[in-house]
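Before any comments, here is the structure.
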Amino acid sequence: MTTFEQAVTEWTDTINGWYNLDARSDEVKLAFNALKDYHEDHDDPSETPYVETFFHGPGKLLGGGPIWCTMLDTEDREHLADLILALRKQQAGM
């Protein structure tokens, strides 16, 4: 059973393995939340919410939360990496 924190750790390792960004988990969380917010604002509300694509089936953790997927598809991995770079530029005042 995977929590959000555990999934973020795996996503961070994946992003760093592909792009050598030396990303930190807190950066990946910020990027994920930005991506989730973008989808919430722009996706068709009648479709499955974007965030639910990161959940494993209908299963739930003991506390009632979702079971998070630790693997990223190519598109999500690329978006998260790009957002991490954009957030770094923003923080640097560029």
Legend entry - Test for Asp76: is it over 14 Å from Phe4 (Cα atoms), part of a loop (DSSP other than H, G, I, E, B) and of a type in the set (Asp, Glu): no
Inset, instruction - Return the residue satisfying two criteria in turn: it lies in the stretch 21-47 and is acidic (Asp, Glu) and part of a helix (DSSP H, G or I), and of such residues it is nearest to Asp82 (Cα to Cα). - result: Glu27
Inset, instruction - Look at Asp13 and say whether it is free of Cβ contacts under 8 Å to residues at least 12 places away in the same chain, under 14 Å from the mean Cα position of the chain (by Cα) and under 16 Å from Thr2 (Cα atoms). - result: yes
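Read-outs: derived from the displayed coordinates by stated rules, not from any lab. Just so it is clear, the model here is predicted, and its values are computed rather than measured. So basically every Cβ, Gly included, is an ideal-geometry build from the backbone, and we count neighbours across all protein chains shown.
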